[in-house]
Amino acid sequence: MARRRTLRPDELELWQAVARTARPLHAGRSLLSRSEDSAATEVPAAAMEEVKHSARPALPHFRLGEKMSLARGHDLAPTLAQAPLRMDAKTHGRMTRGKLVPDARIDLHGMTLAEAHPELIRFLLNAQEDGLRLVLVITGKGRAMHDPIPRPTGALRHQVPHWLRLPPLSHAVLQVAEAHLKHGGAGAFYVYLRRR
């Protein structure tokens with residue numbers, strides 16, 4: 001087993017310079033491990049306080065059993081709640097609570113992806129041309145598959161949000177949100193259209 005060596009003064013100075021710029025993963029823990037604490041001198045308390053109180057970037061937090069689990073056949077559709085809000089906040093709140101009644105609706109149940117895509121484009125562009133603002137796109141939730149290989153269910157449910165972000169629909173769509181339970185819940189989307 002190799003014998004540990006102590007840091008030379010120039011190495012110690014370099015290490016301390018790097019340690020002062022680092023941000024801890026867990027607040028309250030020392031930047032130096034205990035083995036290095038004994039071999040090197042402590043980082044000045046002012047530098048430690050600066051690092052402890054520096055703003056840490058927000059990281060995504062996942063919990064077991066949330067909608068990220070493929071094994072239970074949960075949904076992997078794009079997270080619409082995290083999309084930037086591009087419409088009036090009050091109207092968006094009323095829309096997501098189911099207080100606004102959709103002006104028109106399209107039901108894509110039973111269609112293949114090849115049939116549904118041109119039908120959705122035609123419907124949304126015509127709705128925008130007619131001056132409609134809120135439409136309901138019903139995709140269905142999809143059938144649960146009990147295969148040994150977990151895979152997402154509901155091809156239309158997963159594909160429609162992507163189609164809404166691509167031209168020509170991206171120019172017509174202002175906001176997309178999952179529908180309220182009384183309008184179909186997870187099997188439908190509210191699509192708020194831009195004015196012509």
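What's the center-to-center distance, using Cα atoms, between region 108-130 and region 157-183 in Å?
Using only Cα atoms to place each centre, the spacing works out to 11 Å.
Answer rounded, prolate or oblate for region 89-193, using the Cα gyration tensor with square roots of eigenvalues a ≥ b ≥ c: rounded when a/c is under 1.5, else prolate when a/b is larger than b/c, else oblate. It would help to have the intermediate numbers written out before the result.
On the way: a/c = 2.08, a/b = 1.38, b/c = 1.50.
The shape class here is oblate.
Where a number appears in this text, it was derived from the coordinates with a stated rule and is not lab data. All values derive from a computational prediction rather than experimental measurement.
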